[in-house]
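Worksheet: one structure, shown below.
The values are calculated or read from the model by the stated rules, or taken from the named source; none is laboratory data. Predicted model, so just to flag it, every value in this text is computed and none were measured. Reconstructed Cβ throughout: ideal geometry from the backbone, glycine too, with neighbour counts over all protein chains shown.
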Amino acid sequence: MTYFFQLVVSGIVVGSIYALAAIGFVLIYKSSRVLNLAHGQLIAAGAYITYTLTVYCHIPIYVSFVLSMILTFFLAMSVERIFLRRLIGEPIISVIMVTIGLMSIIDGVIYLTPFGSENLSFPSFMPSQPVVFQGIYISYTQLAGVLITFLLIGVFSWFFRKSTVGISMRAVSDDQMASMSIGISVPRVFGLAWATAGLTAAAAGGILGNIVGLNFDTLHAFGIIVFPVVILGGLDSLPGAVVAGIIMGLIQQFASGYLDGNWGLSGTASLLPYIVLLVILLFKPHGLFGTHEIERV
Amino acid sequence: MKTKKISIWMIVAAVALMLAAPGSSTAGEVYKTALSLAITGPTSDAGNPYSKGAEDYFRYVNDMKLLGDDTIECTIRDDKYETAITKRNFEEFLDMGIVFYLNYSTGSTLALKRDFDEVKMPTLPASFHAGNIEGSDYIFLPIASYSAQNIGLAEYVVDHHEGGTPKVAMYVHPSAFGREPVKDIEKAIEAGLDIELVETVEHGQDLDVTAMIQRWRSKGVAYVISQTVQSPVATMLKGAKNMDLVAKHFGEKGKMTFLGAHYTGGNDLIALAGDAAENFFWTTSYIVTSEPGAGAEAQLALAQRYGRDEKTANSHNYANGIMVAQVTTEVIRRAKAKGKPVNKENLYQELLEMNGMNAFYPVTTVGPVTYSKDDHQGVDTLQLYVVDDGEFRAEGKPFISEYAEKIK
């Protein structure tokens, strides 16, 4: 039974990091209907900013983590302002193509720095001994990752439900024309969505970097790995991203724990989430919590 | 007086014309070679220092006039780890008239294998995949294949394990690069290598390996041999350390000893895994700068001469790049010494004759480079290293895998 609960805990840990990374996609899609394919690059940028502040500027890592979120907030806001603002009203496919271009640009910029081709790790700042409860292991880094994820999810839930800006963002997501008619600045909402997505990307990058180390390939690939989570959750649903993240994390851990290595199976932990995704989409094409839009002709 | 002036001017003009004349003996020959590799993109953590190693050594050859007035011109191009770009680069290199080619990845080497043979281009890849040289006359691995490295590690486990047959798991890259050595270890087991291969795991982008490690523990796995790159190994080591399962010395009872082949180790692994990398056993045919010696000194001096940073200077992939440039230079030197034209046919012949008394001893490897018609693996010798206090230290003497020879 201990083994089962260990898999549950590991699944929640992995799933909550997926959820945190997926939130960035959802925030942008929710407000602007754009899939930001450069989200993995923002995750990597956030991780490297945290590293730079910690190692080169000698700022305590906790402070660097927060500063990195703030800096990435403004970085993503600038990206939206420079590259995407002028595409408002253009076909969505054009905007998605711009995010692909953005992906290459950020890749190129990071490859110009030593980070692009170096392997690094954050200085140790957590106890190296894990937390052990009834034979179940969880490292302090993972624990911190889960706590930060749930804290941010809580903050965002409040933000979208209670704050004026959050409600404006939801309104823009529902109907841009109607939102403009009541005085909401749609461009401002788009900018804010990108900025907030940047903030979550930096948080995900910092946590990921602490868990797997800083390798650019691994970090930016995470933006693609987390994509099934976004689809499963329903593209425009924050709770969907969280639930789907944890479902994916649990599926991976159970596949790894019970299927891999038995009956000649291997690699099911990587494959099974996609199979589950396809099966769920057969029955719920908009994902678990996605908005089911009905178009009347 | 006027006649004397004219004569002087005529002499000056004649000398100037002589110096400017094409093919003049003082200008020297230029031998064109090329390298296509991932300076950016996936695996650029290895490709970047590799390219610098090759570039620096060729500069050194030219600066120090190691080939007299002749020079080597090595065109280095980034292929971003994309085979289509490698192919395009290679075709452009052919148009430039290269006489020797340095390739990089397993995928592109396998994809271009026929091209190399068709144009009879002697080629040294950075990939040590045994399949690269199967059915190819013109590809030469710089060092022992991944299969030989993994079998060598398994042999070390057998020789140093106490009590019964050691239980081993393999943790491999989901590609030909990772899979081929598993097949060869299975062949070695059939040939009598006394290990029990409990499980082979092809990793994904895992964030947590707790389930895998616990499963291995429940199956009694004591040794894990990795054939992949550093990043997944670092995640695995961190996970195992988290569960206090990393052996503090080789074969510690109730714990796991982690081992890996060339691209799993080096300073990048320590950078990623931190203290979780302690007691990681790693094999390669290259020297490391954390072990004092002539090779380490030469590597560091070359890096210093060309202003490389400390990380590059100490990278085993920098040594890797230097070594392939050394082999290239050596075959050119030998062809020249024999008065043969430096072309791809003659350089190929020089590679085939690089054995016995003609073996080549670059200081960057732990053994000699030997090639022949039947032997396309350069350095057969391997050295085991272990991470001790954040640095790789040599463990025992260099060795040659016995079963790798047996299953050939």
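Can you name the condition, by its number, that B:GLY41 falls short on among (1) closer than 23 Å to B:TYR306 by Cβ; (2) within 14 Å of chain A (Cβ to nearest Cβ); (3) not in a helix (DSSP H, G or I)? The one condition B:GLY41 does not meet is (1). Within the stretch B:168-182, restricting attention to residues that are among the aliphatic types (A, V, I, L, M) and under 20 Å from B:HIS129 (Cβ atoms), which residue is surrounded by the fewest Cβ atoms within 10 Å (Cβ to Cβ)? Residue satisfying both the conditions and the ranking: B:ALA176. Condition first: touching a Pro at 6+ places or on another chain (Cβ under 9 Å) and modelled with pLDDT under 90. Can you find one or more residues in the stretch B:243-256 that meet it? Checked against the condition, which is being touching a Pro at 6+ places or on another chain (Cβ under 9 Å) and modelled with pLDDT under 90, the stretch B:243-256 yields at least one hit. Residues in the stretch B:291-313 that are crowded, with 18+ Cβ neighbours inside 10 Å and outside any helix (DSSP H, G or I): B:ARG308 alone. Here B:ILE185 meets the list (1) in contact (Cβ under 8 Å) with a residue 24 or more places away in the chain; (2) within 10 Å of chain A (Cβ to nearest Cβ); (3) surrounded by 20 or more Cβ atoms within 10 Å (Cβ to Cβ); (4) not small (Gly, Ala, Ser) almost entirely, failing just condition (2). The single residue among B:TYR223, B:TYR286 that is closer than 22 Å to B:GLY367 by Cβ and in contact (Cβ under 8 Å) with a residue 60 or more places away in the chain turns out to be B:TYR286. Which one is nearest to A:PHE25 (Cα to Cα), of the residues in the stretch A:91-108 that are within 14 Å of another protein chain (Cβ to nearest Cβ) and exposed (fewer than 13 other Cβ atoms within 10 Å of the Cβ)? Restricting to residues being within 14 Å of another protein chain (Cβ to nearest Cβ) and exposed (fewer than 13 other Cβ atoms within 10 Å of the Cβ), the top hit is A:SER104. Are any of the residues in the stretch A:117-127 away from chain B (no Cβ under 13 Å), surrounded by fewer than 20 Cβ atoms within 10 Å (Cβ to Cβ) and either among the hydrophobic types (A, V, I, L, M, F, W, C) or more than 30 Å from B:ASP309 (Cβ to Cβ) (or both)? So far as the stretch A:117-127 goes, no, none of its residues is away from chain B (no Cβ under 13 Å), surrounded by fewer than 20 Cβ atoms within 10 Å (Cβ to Cβ) and either among the hydrophobic types (A, V, I, L, M, F, W, C) or more than 30 Å from B:ASP309 (Cβ to Cβ) (or both).
In the set A:MET180, A:MET169, which member is surrounded by 18 or more Cβ atoms within 10 Å (Cβ to Cβ) and on the phi < 0 side of the Ramachandran plot? Result of the check over A:MET180, A:MET169: A:MET169. Taken across the stretch B:153-167, residues that are surrounded by fewer than 22 Cβ atoms within 10 Å (Cβ to Cβ) and either of a type in the set (Ser, Thr, Tyr) or within 14 Å of another protein chain (Cβ to nearest Cβ) (or both) do occur, with at least one present.
Taken as a whole, the condition of being surrounded by fewer than 20 Cβ atoms within 10 Å (Cβ to Cβ), out of contact with any strand residue (DSSP E or B) (no Cβ under 8 Å at 6 or more places or on another chain) and β-branched (Val, Ile, Thr) does not apply to A:VAL79.
Scanning the stretch A:183-207 for residues being surrounded by 23 or more Cβ atoms within 10 Å (Cβ to Cβ) and touching a Phe, Trp or Tyr at 6+ places or on another chain (Cβ under 6 Å) gives a total of 3. Check the stretch A:134-149 and report whether any residue there is away from every other protein chain (no Cβ under 14 Å) and assigned to a helix (DSSP H, G or I). Among the residues of the stretch A:134-149, at least one is away from every other protein chain (no Cβ under 14 Å) and assigned to a helix (DSSP H, G or I), which makes the answer yes. Is at least one residue of the stretch A:203-222 acidic (Asp, Glu), assigned to a helix (DSSP H, G or I) and more than 9 Å from every other protein chain (Cβ to nearest Cβ)? Taking every residue of the stretch A:203-222 in turn, none turns out to be acidic (Asp, Glu), assigned to a helix (DSSP H, G or I) and more than 9 Å from every other protein chain (Cβ to nearest Cβ).
Residue count for the stretch A:1-48 under the criterion of being buried (at least 24 other Cβ atoms within 10 Å of the Cβ) and not in a helix (DSSP H, G or I): the result is 2. Looking across the stretch A:218-230, just one residue is buried (at least 22 other Cβ atoms within 10 Å of the Cβ) and either out of contact with any helix residue (DSSP H, G or I) (no Cβ under 6 Å at 6 or more places or on another chain) or under 30 Å from B:SER218 (Cα atoms) (or both), and that is A:THR218. Any idea which of (1) under 16 Å from A:ASN36 (Cα atoms); (2) touching a Lys or Arg at 6+ places or on another chain (Cβ under 7 Å); (3) among the small types (Gly, Ala, Ser) is the one A:GLY234 doesn't satisfy? Of everything listed in (1) under 16 Å from A:ASN36 (Cα atoms); (2) touching a Lys or Arg at 6+ places or on another chain (Cβ under 7 Å); (3) among the small types (Gly, Ala, Ser), A:GLY234 misses just condition (2). Restricting attention to helices (runs of 4 or more DSSP H) lying wholly within the stretch B:97-197, give those where 2 or more residues are charged (D, E, K, R). Result: B:113-118, B:146-160, B:176-190. Taking the stretch B:243-269 as the range and being free of Cβ contacts under 8 Å to residues at least 12 places away in the same chain and either hydroxyl-bearing (Ser, Thr, Tyr) or within 13 Å of another protein chain (Cβ to nearest Cβ) (or both) as the test, only B:ASP244 passes. What pairs come out if I take residues in the stretch B:84-101 that are buried (at least 20 other Cβ atoms within 10 Å of the Cβ) and pair them with residues that are polar (S, T, N, Q) whose C-beta lies under 6 Å away, six or more apart or interchain? Pairs that qualify, where the first residue is buried (at least 20 other Cβ atoms within 10 Å of the Cβ) and the partner is polar (S, T, N, Q), are B:THR86/B:SER36; B:THR86/B:SER108; B:ASN89/B:SER36; B:ILE98/B:THR33; B:VAL99/B:ASN343; B:PHE100/B:THR33; B:PHE100/B:THR328; B:TYR101/B:THR123.
Here A:GLY245 does not qualify as at the interface with chain B (Cβ under 10 Å from one of its Cβ atoms) and not charged (D, E, K, R).
For the stretch B:207-242, the set of residues classified as at the interface with chain A (Cβ under 7 Å from one of its Cβ atoms), buried (at least 24 other Cβ atoms within 10 Å of the Cβ) and charged (D, E, K, R) consists of B:ASP208 only.
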